[in-house]
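The values are calculated or read from the model by the stated rules, or taken from the named source; none is laboratory data. All values reported here derive from a predicted model rather than from experimental measurement. Quick reminder, even Gly has a Cβ in these numbers, built from the backbone with ideal geometry, and neighbours come from all protein chains shown.
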């Protein structure tokens, strides 16, 4: 895509960005306001550093367009040095009517993203602003991509023709176009993230980012920083400022998996963010507007968690605007053949191996199995089977209501039984060792030691 812009270009991707102009020349401020006010979500201006600092106390800005020569004793370059020292992470474009090489070098050293020499044209201004916003967008997308997994389109991935899944798909299609917060319920491995992605893809925010967050996988002392961001020096190790995942999810969907694991302090902040659509980074006095749809998921009974004092009642009701429960796999055994075909097609292509299909007897036994790890456990079984070239039925217990005999036990020693049980629980928890240790009733250190011994 060309970086050259004209005044008639479409600037719709800029509508969520905020800009602060700092210049004491009324003519220049009016020019910048005419050029940017209708293209950006927020545009404010100040005539000196003091006025700009007052605005920054109340409002987050993605971009500051700053004149070097300002009244009040501080130049724009000096103030930029101060801003960077205080942890301001947004882009800054410096302007000046009197520039030489030393001035430009000093501006770049201070942390300027671009440099405009007055008088400049509308096209020059828009190109500079576009470069800043593009760089910000790429940084956000790169951060999100590092957290991403394979994504499919539409309702793909939500597989099954059973009555239970038909009702789930009906609700997903009905809720997707709305902006409402959604709470997904169900056991581990039932496909709550798949459903969340389907909501995102079918909704009006499909072109925005989908940002998944496993609340149980982030240390309690870091969860607020991850969600809401932090400023430099907010805590030990915060060597720079960073926007939070709420900010990165602007215009898209923030998926809060295992919401029941969120600490009470973070729950209060989350409730405020949902109510006011603003977040306050850790260590900052400034609030940042956010615009993301929130989809939450949990395998816990939140009503019981509220009664036990572990989950805020007001947050529970705020999340429960729309509620969808994903059925356990044992409740829809008729969907197993379709799920097997789906994962076989998907994984054989990814692994570069030929497809392997179960015979009739194996299929009957799979349909009679309890599947404590739900769809995730079935997927893992299919992946192993494709790699081995045959169905490797692990020695797991069968549902009490199942009519089939147990899958064959290959090793019945106490250590082997313990290992199988621990790995099954770990698999059902999505490899989340903290959650697996909690469910097993052992310490995380003990679980780590056993997994290391087994090469897991």
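Numbers below:
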| item | result |
| --- | --- |
| Residue in region 74-83 that is surrounded by fewer than 18 Cβ atoms within 10 Å (Cβ to Cβ), in contact (Cβ under 8 Å) with a residue 12 or more places away in the chain and farther than 26 Å from residue 243 by Cα present | yes |
| Residue in region 51-59 that is touching a helix residue (DSSP H, G or I) at 6+ places or on another chain (Cβ under 7 Å) and assigned by TED's automatic domain parsing to the domain that holds residue 39 present | no |
| Output for region 325-338, where each listed residue is in a loop (DSSP other than H, G, I, E, B) and either without any contact (Cβ under 8 Å) to a residue 60 or more places away in the chain or over 23 Å from the mean Cα position of the chain (by Cα) (or both) | 327, 328, 332 |
| Criterion (modelled with pLDDT under 90 and surrounded by 19 or more Cβ atoms within 10 Å (Cβ to Cβ)) met by exactly one of 197, 147, 205, 137 | 205 |
| Scan of region 4-50 for residues that are surrounded by fewer than 16 Cβ atoms within 10 Å (Cβ to Cβ), in a helix (DSSP H, G or I) and at pLDDT 90 or above, ordered by number | 26, 27, 30, 33, 34, 50 |
| Hey, residue 96 within 20 Å of residue 24 (Cβ to Cβ), crowded, with 20+ Cβ neighbours inside 10 Å and without any contact (Cβ under 8 Å) to a residue 40 or more places away in the chain or not | yes |
| Among (1) surrounded by fewer than 16 Cβ atoms within 10 Å (Cβ to Cβ); (2) under 16 Å from residue 187 (Cα atoms) - the single one residue 309 does not satisfy | (2) |
| Subset of region 119-135 [within 20 Å of residue 29 (Cβ to Cβ) and either within 25 Å of the chain's Cα centre (by Cα) or not in a helix (DSSP H, G or I) (or both)] | 119, 120, 121, 132 |
| Hey, residue 180 over 30 Å from residue 276 (Cβ atoms) and either modelled with pLDDT under 90 or in the same structural domain as residue 250 (by TED's automatic domain parsing) (or both) or not | no |
| Number of the condition not met by residue 315 [criteria: (1) on the phi > 0 side of the Ramachandran plot; (2) part of a helix (DSSP H, G or I)] | (1) |
| Any chance residue 188 is out of contact with any strand residue (DSSP E or B) (no Cβ under 6 Å at 6 or more places or on another chain), surrounded by 18 or more Cβ atoms within 10 Å (Cβ to Cβ) and closer than 29 Å to residue 374 by Cα | yes |
| Residue selected from region 412-456 under the condition at pLDDT 75 or above, over 29 Å from residue 297 (Cα atoms) and out of contact with any helix residue (DSSP H, G or I) (no Cβ under 7 Å at 6 or more places or on another chain), by the criterion surrounded by the fewest Cβ atoms within 10 Å (Cβ to Cβ) | 455 |
| Residue in region 342-357 that is in the same structural domain as residue 423 (by TED's automatic domain parsing), free of Cβ contacts under 8 Å to residues at least 12 places away in the same chain and either closer than 17 Å to residue 158 by Cα or touching a strand residue (DSSP E or B) at 6+ places or on another chain (Cβ under 6 Å) (or both) present | yes |
| Total residues in region 81-98, condition more than 15 Å from residue 116 (Cα to Cα) and either at pLDDT 85 or above or outside any loop (DSSP other than H, G, I, E, B) (or both) | 6 |
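Residue-by-condition table, conditions (1) touching a helix residue (DSSP H, G or I) at 6+ places or on another chain (Cβ under 8 Å); (2) in a helix (DSSP H, G or I):
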position: 323; (1), (2): no, no
position: 340; (1), (2): yes, yes
position: 346; (1), (2): no, yes
position: 353; (1), (2): yes, no
position: 365; (1), (2): no, yes
position: 371; (1), (2): yes, no
